[in-house]
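Chemist: My structure is below; once you've seen it, I'll send some questions.
Taken together, the values in this text are just the output of simple stated rules run on the coordinates, not laboratory data. Treat the numbers as computed from the prediction; the structure is a model and nothing was measured. Neighbour counts run over all protein chains shown; Cβ positions are idealised from the backbone, glycine included.
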């Protein structure tokens, strides 16, 4: 692919990916696959498509299958639309011991969606994740780049109100 063939990797997106590529030896540009996927996911409204992954593969000089392996292995990459506010709820042992399942059910009921679905207004989606690495504040959720710990139903209500 020529640079002019890229639909997403151009302008500011290309500059951001190139900054990551510059961190690695010239013959190792594929090492920037994770940040490249994150960047194109971000500019695509929060999820990846096969076309976007193909574009990343072509730009980094990788086989598409190698990019798909990364994009499907790590939970931070989405493959279908997500809400403007993706609520990632930790579902590991510390959070489970602190009744996170009750909070997940409460969120599902309050928002009217199941795990992996988007509210009709496109504002919220819920994702169950393996671990957010904040066990001392269990139960924990991440919304955007912010962590919220010691969650209760009341705290979730406050958070959702602050996002509306």
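Chemist: Calculate, in nm to one decimal, what residue 131 and residue 74 gain on full extension: separation in residues at 0.36 nm each, minus their alpha carbon distance.
Modeler: 19.3 nm
Chemist: Over the chain, what relative contact order in percent results from Cα pairs under 8 Å that are six or more residues apart? Mind dumping the intermediate values first?
Modeler: Working: 218 pairs, mean separation 28.8, N = 164.
The normalised contact order for the chain reaches 18 percent.
Chemist: Here's something else I'd like to know. Efficiency by 1/(1 + (r/R0)^6): what FRET value for residue 63 and residue 26, r their Cβ-Cβ distance, R0 = 22 Å, to the nearest 0.05? Show your work: numbers first, answer last.
Modeler: Values: r = 19 Å, r/R0 = 0.87.
Rounded to the nearest 0.05, the efficiency is 0.70.
Chemist: Taking every DSSP beta bridge that has both residues in the chain, what percent is antiparallel when rounded to the nearest 5? Could the numbers behind the result be given before it?
Modeler: Working: 7 of 13 bridges.
DSSP beta bridges in the chain are roughly 55 percent antiparallel.
Chemist: Rg (Å, one decimal) plus Dmax (Å, integer) for the alpha carbons of the chain?
Modeler: Here Rg and the maximum Cα pair distance are 17.9, 53 Å.
Chemist: Can I ask one more? Using a Gaussian network for the chain with springs between C-alpha atoms less than 10 Å apart, which of these wobbles most: 154, 55, 137?
Modeler: Among 154, 55, 137, the largest GNM mean-square fluctuation belongs to 154.
Chemist: Report the residue, chosen from 97, 37, 132, that carries the largest GNM mean-square fluctuation when the chain is represented by alpha-carbon nodes joined by springs under 10 Å.
Modeler: The residue with the greatest mean-square fluctuation here is 97.
Chemist: With springs connecting C-alpha atoms under 10 Å apart, model the chain as a Gaussian network and identify which of 79, 91, 23 has the largest mean-square fluctuation.
Modeler: 23
Chemist: Find the Rg to Rh ratio for segment 85-163, where Rh is the Kirkwood radius over alpha-carbon pairs and Rg uses the same atoms.
Modeler: 0.92
Chemist: Given axes a ≥ b ≥ c from the Cα gyration tensor, I'd like to know whether segment 3-73 is rounded (a/c under 1.5), prolate (a/b larger than b/c) or oblate.
Modeler: rounded
Chemist: Given R₀ = 41 Å, what would the calculated FRET efficiency be for residue 7 paired with residue 110, taking r from the Cβ atoms and rounding to 0.05?
Modeler: 0.65
Chemist: At a Förster distance of 30 Å, what's the computed FRET efficiency of residue 38 paired with residue 158, Cβ-Cβ distance as r, to 0.05?
Modeler: According to the calculation, E is roughly 0.55.
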